[in-house]
Amino acid sequence: QVQLVESGGGLVQAGDSLRLSCTISGHTFTISTMGWFRQVPGKEREFVARITWNGGSTNYAESVKGRFTISRDNAKNTIYLQMDSLKSEDTAVYYCAVRRIMRANYDYWGQGTQVTVSS
């Protein structure tokens, strides 16, 4: 009942900034939490940031604290990931995901957007 589409990825140099967007369609009133994750081929998917849909409470992975900011615009059914001071280690496919009310897992995922940071 929920579909997610990420956008905003690209090729940038270390130190640059990038903003990812995730547009949500469907029953947004069932959303409890939205998150950003990233994955490098051959490695496990890594949590990056999350935000509660109603209250806007945020949480970040230690590796991105102070550099990345997650936000949401409920009226536009969109969440964002502002990425500053990008490092080559941030290179990955970035996914947005939804955790619905009264569910433990993120069970809706977008297709991902590639972020490549050259040094």
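The values are calculated or read from the model by the stated rules, or taken from the named source; none is laboratory data. None of the values given here were measured: they were computed from a predicted structure. Glycine gets a Cβ as well: all are built from the backbone with ideal geometry, and neighbour counts include every protein chain shown. The area values use the complete protein model at the heavy-atom level, side chains included, leaving out ligands, DNA and RNA. Shrake-Rupley method; radii C 1.70, N 1.55, O 1.52, S 1.80 Å.
At a glance:
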{"read-out": "Rounded accessible area of Leu11 (nearest 10 Å², 1.4 Å probe)", "value": "130"}
{"read-out": "Surface accessible to a 1.4 Å probe, per residue, for the residues of the chain, Å²", "value": "53"}
{"read-out": "Residue-level accessible surface for Ser85, protein heavy atoms, 1.4 Å, Å²", "value": "60"}
{"read-out": "Ser88/Asn59 FRET efficiency (R0 35 Å; Cβ-Cβ; nearest 0.05)", "value": "0.90"}
{"read-out": "Tensor-based shape of the stretch 3-44 (alpha-carbon gyration tensor, a/c under 1.5 rounded, otherwise prolate or oblate)", "value": "prolate"}
{"read-out": "Protein-only accessible surface order, largest first, of Met83, Met102 at 1.4 Å", "value": "Met102, Met83"}
{"read-out": "Cα convex hull volume per residue for the chain (Å³)", "value": "97"}
